[in-house]
Structure formats: C-alpha cells, structure tokens
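Some notes on the structure that comes next.
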Amino acid sequence: MAFLRLHNLSVEFPMYQGSSRSLKKSIVANTTRGNLARDALNRISVRALNDLNFNIEHGDRIGLLGINGSGKTTLLKVLAGIYRPSRGQLFKSGRVSALLDVKVGMNGDMTGYENIIMLGMYMGIHPRDMRKRVNEVAEFSELGDYLNMPVRTYSSGMSVRLAFATATCVAPEILLLDEWLSAGDALFIAKATKRMEEYVRLSSVLVLASHSMDLLERWCTYGIWLEVGRVKMMGPVHEVIAAYRAATGEAAV
C-alpha cells in the first residue's frame with residue numbers, strides 16, 4: 001500500500017551570505033512571518049517547513065492550501081525526494097510521479113521522443129520498458145511531428161503536454177501535482193482531468209497544491225492549510241477551504 005508519513009519534518013535553507021551586515025539588517029527588517037532561524041554556526045536560515053507531523057495513506061486525496069511562500073511547493077519537493085529534510089523523517093512507500101516543474105528532468109536540446117525516455121528514467125522506469133510506452137505517450141500528448149524537434153522549441157503548453165503524458169503513462173501509486181498544469185490549453189486540461197479522475201478511482205495517493213479552491217474541492221477529500229511552513233489547519237477539504245476563505249477574505253464562486 002502506498003503511503004507518505006512525516007514525523008517532525010523540517011526544511012531549512014541556510015543563507016551563506018548571511019554574514020553581510022546589510023543583508024541581515026534587510027532580512028530582519030522586512031520579515032515578520034517568524035520563519036527565520038540560526039544554525040550552530042550562527043548563520044541565518046529560512047525555515048521553509050517547520051515540524052510537520054501527518055500521515056497520508058493509500059487512497060487519500062490531499063489538497064494543499066496557502067498563500068505563496070507558505071511552503072506548498074517545498075513540501076511537494078520533499079515528498080518527491082528532490083529536497084531532503086533538515087530535521088525529522090519522511091517514510092514513504094509506492095512509486096512517485098511528480099509534476100512540479102515542467103522543466104524538471106527535461107533536456108532542451110533533446111527531442112520530445114528522447115525526453116520521454118529520459119523522463120521515464122527520472123521516474124525509475126527502465127528505458128527498455130519506457131520504449132514500450134512511447135507510442136501511448138505520443139498519442140496522449142498530441143504533439144505529432146513536434147516530438148522529433150528539440151524541446152527547447154516548445155511552448156510552455158507543449159512542454160506541459162509532454163511532461164503530463166509521460167508522467168502518467170503508468171498509473172502512479174503516488175501522484176504529486178503543482179498548479180503549473182494550468183499552463184496547458186483548455187482541451188488538454190479537460191483530457192488530463194479525465195485521466196486524473198481515472199487515477200482517483202484507482203485509489204492512488206494524490207497530493208495537489210493549488211490556489212483554485214474549486215479544483216481542490218473537485219479532486220481532494222482532505223485539506224492541509226500551510227502558513228509559513230507550519231500546518232495551520234487539517235481536516236475535510238470543504239471545512240479547511242471554508243476556514244481559509246474566511247481568514248483571507250477570498251469569496252466563494
């Protein structure tokens with residue numbers, strides 16, 4: 001069974017130029033969120049995530065809420081294995097597919113077809129097995145002859161098509177999504193949504209970060225509201241969204 005379990009997990013990014021008096025003064029003067037810390041060497045560090053404790057079990061569909069800078073993307077990158085915790089532990093089981101940044105794992109000088117194989121390797125799929133899925137990925141992406149061209153010539157929407165089609169060519173046990181999917185065109189988003197709903201029915205773990213409350217309510221059952229790297233609230237997604245809207249003044253549509 002797929003799961004993600006966080007125990008006292010924190011992530012800090014040390015500011016190696018923190019010895020600069022002017023930089024320190026600027027940071028302290030302009031930061032009121034309380035997410036600064038000092039390490040054993042007295043360096044200033046930004047605490048992006050602070051003592052997170054929660055479990056995500058097989059079948060859960062988690063929506064991450066919070067303003068920019070609250071820690072949503074950092075958390076997704078920790079769950080994906082891109083960042084390592086500074087403190088605490090992450091326990092996970094299951095194949096992870098992460099669609100966080102359309103450029104991650106892609107080589108702009110390689111063709112779309114070559115990048116399909118590369119992205120498959122990034123997902124832990126052997127090139128031999130990935131070649132068996134190339135035609136399926138190509139068909140879903142609808143990129144046609146563009147797959148013979150270098151990815152650096154692609155628009156952001158085309159890159160999204162390629163990344164999503166590749167990352168979801170095998171139903172993931174754990175799917176991590178950031179809101180960059182919105183860069184795709186309306187027809188492709190509808191197609192991607194249908195595939196996502198198929199995965200949800202298969203009870204794969206989904207963790208989705210988005211500013212779209214409608215999207216979170218549609219795809220998620222449980223919400224985690226992050227504020228300056230801490231969990232502000234957890235619970236049924238409609239309850240968390242209601243509290244978030246009340247606190248931020250965001251109107252329901």
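The values are calculated or read from the model by the stated rules, or taken from the named source; none is laboratory data. Just so it is clear, the model here is predicted, and its values are computed rather than measured. So basically every Cβ, Gly included, is an ideal-geometry build from the backbone, and we count neighbours across all protein chains shown.
When residue 28 is tested against (1) out of contact with any strand residue (DSSP E or B) (no Cβ under 9 Å at 6 or more places or on another chain); (2) at pLDDT below 60, exactly one condition is not met: (1).
Taking the criterion of being among the β-branched types (Val, Ile, Thr), over 15 Å from residue 111 (Cα atoms) and touching a Leu at 6+ places or on another chain (Cβ under 8 Å), the residues of the stretch 134-175 that qualify are 168, 174.
Which is closer than 24 Å to residue 250 by Cβ, modelled with pLDDT under 95 and crowded, with 16+ Cβ neighbours inside 10 Å, of 48, 2? When all the criteria are applied, what remains is 48. Answer yes if at least one residue in the stretch 103-117 is out of contact with any His (no Cβ under 6 Å at 6 or more places or on another chain), modelled with pLDDT under 95 and outside any loop (DSSP other than H, G, I, E, B), and no otherwise. There is no residue in the stretch 103-117 that is out of contact with any His (no Cβ under 6 Å at 6 or more places or on another chain), modelled with pLDDT under 95 and outside any loop (DSSP other than H, G, I, E, B).
In the stretch 58-67, is there at least one residue being within 12 Å of residue 176 (Cβ to Cβ), at pLDDT below 90 and either in contact with a Leu (Cβ under 8 Å, 6 or more places away or on another chain) or of a type in the set (D, E, K, R) (or both)? For the stretch 58-67, residues within 12 Å of residue 176 (Cβ to Cβ), at pLDDT below 90 and either in contact with a Leu (Cβ under 8 Å, 6 or more places away or on another chain) or of a type in the set (D, E, K, R) (or both): absent. Only a single criterion out of (1) in a loop (DSSP other than H, G, I, E, B); (2) farther than 13 Å from residue 64 by Cα is not satisfied by residue 211, namely (2).
When the stretch 214-235 is filtered for residues that are of a type in the set (Lys, Arg) and either assigned to a strand (DSSP E or B) or within 15 Å of the chain's Cα centre (by Cα) (or both), the ones remaining, listed by number, are 230, 232.
Picking from 82, 67, 62, which residue would you name as being under 16 Å from the mean Cα position of the chain (by Cα) and either assigned to a strand (DSSP E or B) or surrounded by 23 or more Cβ atoms within 10 Å (Cβ to Cβ) (or both)? The unique qualifying residue is 62.
When residues in the stretch 148-173 are screened for being in a helix (DSSP H, G or I) and surrounded by fewer than 19 Cβ atoms within 10 Å (Cβ to Cβ), 5 of them pass.
Does residue 201 meet the test of being more than 16 Å from the chain's Cα centre (by Cα) and within 19 Å of residue 101 (Cα to Cα)? In short, no.
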